[in-house]
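Student: After the structure tokens below, expect a handful of questions from me.
The values are calculated or read from the model by the stated rules, or taken from the named source; none is laboratory data. This one's a predicted model, so the numbers in the text were calculated from it and none came from an experiment. When we count neighbours, we look across all protein chains shown, and the Cβ atoms used for this are built from the backbone with ideal geometry, even at glycine. Heads up: the accessible areas ignore ligands, DNA and RNA and are worked out on the full protein's heavy atoms, side chains in. Shrake-Rupley method; radii C 1.70, N 1.55, O 1.52, S 1.80 Å.
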Amino acid sequence: MAHDAPVSPLAPKSVPDVGPIEGVRFATAAAGIRYSGRTDVLLLALDEGTTVAGVFTKSKCPSAPVEWCRDNLPHGLARGLVVNSGNANAFTGQKGREATALTAAIAAKALGCAESEIFLASTGVIGEPLDATKYEGVLDETAGRLAPLPWIDPARAIMTTDTFPKLATATATIDGVPVTIAGIAKGAGMIAPDMATMLSFVFTDAAIAAPALQALLSRGVTDSFNAVTIDGDTSTSDTLMLFATGAAEKRGAPRITEATDRRLASFRKALTAVLADLAEQVARDGEGARKLVKIEVTGATSKRSARRIAMSIANSPLVKTAVAGEDANWGRIVMAVGKAGEPAERDRLSISFGGIRVAHEGARDPSYDEAQVSAYMKNDVIDIQVDIGLGGSSDRVMTCDLTKEYVAINGDYRS
């Protein structure tokens, strides 16, 4: 599967050089979760005192690891993270819950901490029981190889149908002391908000109390991961976690207890940049994608309304296939605006592709030039602007085109 797929043409031209985050070490292993001889497990160790925040799928059928993390999150402390690919441990009933408990017990023993300080994430096929006994011995051995670099290893270990590893990093200052943020993500299909189908883990050496960390993350996800859709489907396993080791405190960084603390301004900006970067990489790796599509809705009656209209456009198979065919079919965008169930008036609508206005005030733009728009549609990144003409609110979302390859990848996903 996926690892053998050609790299997406939208992949970043280079991989960021992500430096170590003090208090974070990791190693990967092949436990044979689904395929033999493939790296499929990531063990990550965090120094004592590391705080944690998380945002998870809103699916009513969440995976066992999502439930495990939700149960442990109120403690606010983390010492370890175990991620596997190949099996989502979702829709696995009591067996799934037993598998998470056993995984956490094995990991806690390997890292010498409490089971409530272990967090878990799984990605892959839904409905197949996960044999956690495969971790016996493997996690012990892996714990003996923990290192702070290179970040490309954990990014690769969590890939499923991804065609490239996703990493991002940024630096910030808190009260004049430099802190670092680094993150990895996986995700290519079954991606829609609440969160996108994906796993993402972000780490910092800043010293931030768990409640403040949670507030920062919950806010940061709104215009990053929750503004991405590949196919409109929300996964059972979506997990985004943020860990703060507090190591920067030794260098004089203050311990922050409130998300509203003014000293967090630079950190908040850097965190938003990392989340936005990872989210865009997920959109660039949409299954079978050939084009990244950015949709901006302006003139809406509220941000929520703008978001819903933008998502209606982004999730329309007709819009997405038109983009794949390099056809500026604005009729399909009119359709998607009209069905969104949000305030809109046909005769106030304006639609542009890459700043070239094609429709205005309910009709084709008088200066419409098919050749000019067709040339624009050959680009790798397509910007679609829609002005509703009713208010002062706007929003942006990202998606990709829908190609024959998407059908091929998902048609034989389990085989």
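Student: Looking at the structure I just gave you, is residue 156 charged (D, E, K, R), closer than 27 Å to residue 265 by Cα and not in a loop (DSSP other than H, G, I, E, B)?
Tutor: No; evaluated as a whole, the condition is false for this residue.
Student: Here's another thing I want to ask about it. Among the residues of the range 5-44, which ones are aromatic (Phe, Trp, Tyr) and part of a strand (DSSP E or B)?
Tutor: 26
Student: Another one. Would you mind telling me which numbered condition in (1) more than 24 Å from residue 281 (Cα to Cα); (2) in contact with an Asp or Glu (Cβ under 7 Å, 6 or more places away or on another chain) residue 375 fails?
Tutor: (2)
Student: Can you name every residue in the range 332-356 that is surrounded by fewer than 18 Cβ atoms within 10 Å (Cβ to Cβ), more than 21 Å from residue 379 (Cβ to Cβ), of a type outside the set (A, V, I, L, M, F, W, C) and under 31 Å from the mean Cα position of the chain (by Cα)?
Tutor: Result: 338, 339, 341, 343.
Student: Moving on. Output the residues belonging to the range 394-404 that are surrounded by 17 or more Cβ atoms within 10 Å (Cβ to Cβ) and under 15 Å from residue 321 (Cβ atoms).
Tutor: 399, 400, 401, 402, 403, listed by residue number.
Student: Quick one: residue 359 ticks every box in (1) open to solvent by 70 Å² or more (accessible area, probe 1.4 Å); (2) small (Gly, Ala, Ser); (3) within 22 Å of residue 308 (Cα to Cα) except a single one, so which number is it?
Tutor: (1)
Student: Output the residues belonging to the range 77-114 that are part of a helix (DSSP H, G or I), touching a helix residue (DSSP H, G or I) at 6+ places or on another chain (Cβ under 7 Å) and either among the aliphatic types (A, V, I, L, M) or surrounded by 17 or more Cβ atoms within 10 Å (Cβ to Cβ) (or both).
Tutor: 96, 99, 100, 102, 103, 104, 105, 106, 107, 108, 110, 111 - these are the residues of the range 77-114 that are part of a helix (DSSP H, G or I), touching a helix residue (DSSP H, G or I) at 6+ places or on another chain (Cβ under 7 Å) and either among the aliphatic types (A, V, I, L, M) or surrounded by 17 or more Cβ atoms within 10 Å (Cβ to Cβ) (or both).
Student: How about the range 362-393: which of its residues are of a type in the set (Val, Ile, Thr) and buried (at least 18 other Cβ atoms within 10 Å of the Cβ)?
Tutor: 373, 382, 384, 386, 388
Student: Testing residue 62 on (1) within 14 Å of residue 238 (Cα to Cα); (2) touching a Pro at 6+ places or on another chain (Cβ under 8 Å), one condition comes back false. Which one is that?
Tutor: The failed condition is (2).
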